[in-house]
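Report on the following structure.
What follows is calculated from the coordinates using simple rules that are stated; it is not laboratory data. Because the structure is a prediction, the values reported are computed rather than measured. Cβ atoms come from the backbone with ideal geometry, glycine included; neighbour counts cover every protein chain shown.
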Amino acid sequence: MKASTRRWMVAAGVLAVASAAATAAGAGAGLVGVSDVKAEVKARTLGADKGKNWVKVTFTATVKEKVEKLNTVKVKISCKVGADTLSDDTSSLTVRLSDLDVGKTAAMDARLFFDKGEGFTAAKPDSCTVSFGFGKSTKKEEFTAIGDYCFDGSAVADGACK
């Protein structure tokens, strides 16, 4: 095979990969929508983490386009608690979105600061930005943003906290 042919094949392969990545990056927000976002602080009452609090986020996911297997809504949270900023993230695996038809909705939830050793001792955080994304549950850092909400410890509003 000639060197010029190999260069063309490599260039075409790179272009195809870049195009697929760009398509995937912009696709997530259009595939699934999030609404009816609620959050509440829950207290641990047992075990070594007794006295630490965690946050339960509930929401409705709406399938806008067919979802591939292993894709789910990812939830990230960043809370200001006094002088500290605490962050956590998780995939919401309440429902397999790939099993839902286009237009269907599902109630979903996420537990944040729930793992052993995590949490905060304040009765409620000063503010938490809750960010929703969409991506493969097996790829923790890769997701396409869906939207942000602000939880002030008692109510949720659209948009990131200021």
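Just a few scattered comments:
- Size of the stretch 29-158 as Cα extents on the principal axes (Å, biggest first): 42, 29, 23
- Each part gets one Cα centre, and for the stretch 37-87 versus the stretch 127-162 those centres are 9 Å apart.
- Cβ-Cβ FRET estimate between ALA43 and ASP109, R0 fixed at 22 Å, reported to 0.05: 0.80
- Whole-Hz Karplus values for the stretch 72-83 come out as 8, 7, 9, 10, 10, 9, 9, 10, 9, 10, x, 7 Hz, taken residue by residue from phi with 6.51 cos²θ - 1.76 cosθ + 1.60 and θ = phi - 60°; glycine and proline positions read x.
- Proximity of backbone amide H atoms, modeled 1.01 Å from N, is registered between LYS42 and TRP54, VAL55, LYS56 at under 5 Å, excluding neighbours fewer than 5 places apart on the same chain.
- Computed label-point distance, nm, for sites ASP84 and SER35 using a 7 Å Cα→Cβ extension: 3.7 nm
- Sites THR94 and LYS69, calculated FRET efficiency, Cβ-Cβ separation with R0 25 Å, nearest 0.05: 0.95
- Unsatisfied cross-links (Cα-Cα over 30 Å) in the set LYS52/LYS76; LYS80/LYS139; LYS104/LYS124; LYS80/LYS116; LYS38/LYS64; LYS104/LYS162: LYS104/LYS124; LYS104/LYS162
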